[in-house]
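Working notes for the structure below.
The values are calculated or read from the model by the stated rules, or taken from the named source; none is laboratory data. Keep in mind the model is a prediction, meaning the values are calculated, not measured. Positions of Cβ are backbone-derived with ideal geometry, glycine not excepted, and every protein chain shown enters the neighbour counts. In case anyone asks, the SASA skips ligands and DNA or RNA and just uses the protein heavy atoms, side chains included. Shrake-Rupley method; radii C 1.70, N 1.55, O 1.52, S 1.80 Å.
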Amino acid sequence: MDIPKDQMYSLLDQGLFDSAQMLGSFLVSSSAVNAEGSSPHVKAENLVFLGDALFGEKEYRRAMCTYKQALQHCKILPKQNTTCRSSLSRSSSPNSINVSAINENEVKFKITLCHCALSENRAALAEMESIPSKARTLRMNLTMGKLYRHSRHNRSAIACYKDCLRHCPYILEAITALAELGVSSKDIVSLFPQTPTRSGRPPFDHFDTSRWLQRYVEAQCCIASNDYKGGLDLFSELLQRFPSNVHILLEIAKVEAILGKIDEAIMNFEKVRTIDPYILTYMDEFAMLLRIKSDNSKLNRLVHDMLNIDATRPEVCVALSVLWERKDQRRALAYAEKCLRIDDRHIPGQIMKGNLYISLDRPDAAVAAFRAAQELRPDLRSYQGLVRSYLALTKIKEALYSAREAIKLMPHSAKAIKLVGDVHASNPGGRDKAKKFYESSLRLEPGYLGAALALAELHVVEGRNGDAVTLLERYLKDWADDSLHIKLAQVFGATNMLQEALSHYQAALRINPQNEAAKKGLERLEKQMKGVDPDAPEEDDENDVEDAEGEADEGELL
């Protein structure tokens, strides 16, 4: 042999893929290997080594072509020669090495990984299906489950994930996937192996060291079924056993954000960053919360840190979109679309894209984005976006259908009930129904400020300003919220109680100095207090008037 194979093994083992690629080209072109009568098995093995080097260099198309050439050489072997088809202990990693002959199924899996890296899921699935089920490894089954799920073949995906857990109950991503696909916690736990070990004890003890895993399963099933409070309680219980667990803290923060516990969620995200400053998982969700609180300094710092960690991650693109939303919405939209080019299944990217389309007065495009998010995983944000989009398109029936669909999915969610109220409130003839839904939402969750603000707005529209003030003042003790103070200021301003309106605008700006609505409201109020008509145009030249109108239009767009 002109080229010693042990050197190829060593280069691949050390991750020196560039050198391995160059040496591999000598290996496959060796005159000894290509001589007439030489073994096709040797040619196939050499091609696999070269493919592994190309995969390590992320040259996926070349790697895939090389692996396929290796399989062709296996096919021309005599039927009695089973060397290429032997069952071997080689790892399924594309850059794995071993002195044994190649395994055709392993090579097919490497081709699958190339297709996955190129986002060719259909071709990847076809390649996986050519591998006999009994020959599939744990990693193969997990990959196949993901591919089936991406292709919306949910039953097949469930079967693959279940098979994974039968072999190893600690594959947490399989647990989460099964929960999201609607499998009950009882069914998931029943998959865990129960065969006694040599000591006579089962490998998975329900009542001792692995009880936390049951709790984890139950928590994920609660979240998947939109029982966020139940999920939060279970994750909090897990956190007591595993303090400072980054994964659990992230899950808790995400659920708190869904429940409207913004301050608690921000605190937990910050705790995660203190423990692990380089984590990017869910950090785009954190960016969205900082935008809601108008904490621009923390948002800028977060995005700066994320860019320095890995600028190619979809979470970074969403965070950049959040950062640019109030400055340049078209640039923000470009970042949201970039996120989806990296990963079209990234839900925060679809949500962000939908919200930006609403702001840009393109509700039809927003509907498509929210529908895409909903197909990946139905949650409250996608339903809220759909209702807003359909109302902007004056498609009341579609908005009502989406709101009712949200209630069907989340029957105990005050936020879902409020959505139906929002649809009825858009029609003057439906205000009585809207009032009932808002009141029902508040009975279910008395501290839900969103429903209180919506009901107060309804009172104002129907001339019951006193009722609006009484309702909102009940929340002042428990809520230090700028939107609450702004709404009170607007109501007091409408009833000509200007001093009270002034104090509430000032309170809103103390809570959130960046709140544009409070700034504009205060500016308008100060004009009223000076006896100046706030709606009168400025006395200036025509060009300035035109510029002011342009700025007003831009303000409405933003």
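Once both labels are modelled 7 Å past Cα along the beta-carbon direction, what's the Asp295-Ala123 spacing in nm?
That separation, rounded to one decimal, is 4.6 nm.
Identify, among Ser29, Pro314, Ala287, the residue whose Cα sits farthest towards the positive end of the charge dipole of the chain, taking +1 on the Cβ of Lys and Arg and -1 on the Cβ of Asp and Glu, with the dipole about the Cα centre.
Of the options given, the answer is Ser29.
At 0.36 nm per residue, minus the direct Cα-Cα distance, what do Glu173 and His247 gain on full extension? Give it in nm, one decimal, please.
So the chain would gain 25.5 nm between Glu173 and His247.
To the nearest 0.05, what FRET efficiency results for Thr281 and Leu138 with a Förster distance of 22 Å applied to their C-beta separation?
0.45
Residue farthest toward the positive end of the dipole of the chain, with Cβ of Lys/Arg at +1 and Asp/Glu at -1: which of Leu525, Pro193, Ala70?
So the residue furthest toward the plus end is Pro193.
So what's the back-of-envelope 222 nm ellipticity for the chain, counting only DSSP H runs of four-plus at -39500 (n - 2.57) apiece and dividing by all residues, rounded to 500?
-21500 deg cm²/dmol
Helix 296-309: angle to the longest alpha-carbon principal axis of the chain, degrees 0 to 90, nearest 10?
For 296-309 against the chain, the angle is about 10 degrees.
From the Cα gyration tensor of the stretch 103-196, with a ≥ b ≥ c the square roots of its eigenvalues, which class applies: rounded if a/c is under 1.5, or else prolate if a/b is larger than b/c, or else oblate?
It is oblate, given that a/c is not under 1.5 and a/b is not larger than b/c.
So, for the chain, what is the accessible surface per residue at a probe of 1.4 Å, expressed in square angstrom?
51
Mind ranking 520-532, 382-394 by how tightly packed they are, going by the mean number of other C-beta atoms within 10 angstrom, highest first?
For the peptides 520-532, 382-394, the packing ranking is 382-394, 520-532.
Residues of the stretch 136-172 with amide nitrogen under 15 Å from the 7 Å Cα-to-Cβ point of Asp343?
Zone members listed by number: 146-147, 150.
Rounded, prolate or oblate: which one fits the stretch 446-533, using the alpha carbon gyration tensor with axes a ≥ b ≥ c (rounded when a/c is under 1.5, else prolate when a/b beats b/c, else oblate)?
Judged from the Cα gyration tensor, the stretch 446-533 comes out oblate (a/c at least 1.5, b/c at or above a/b).
Keeping the other protein chains in place, figure out the carbon and sulfur percent of the accessible area of the chain, with a 1.4 Å probe.
50
Consider the candidate values (i) 74, 65, 46; (ii) 102, 66, 44; (iii) 117, 84, 48; state which one is Cα extents along the principal axes in Å computed from the structure displayed.
(ii)
Classify the stretch 232-378 as rounded, prolate or oblate, taking a ≥ b ≥ c as the square roots of the eigenvalues of its Cα gyration tensor: rounded when a/c is under 1.5, otherwise prolate if a/b is larger than b/c and oblate if not.
Prolate is the answer for the stretch 232-378, as a/c is 1.5 or above and a/b outweighs b/c.
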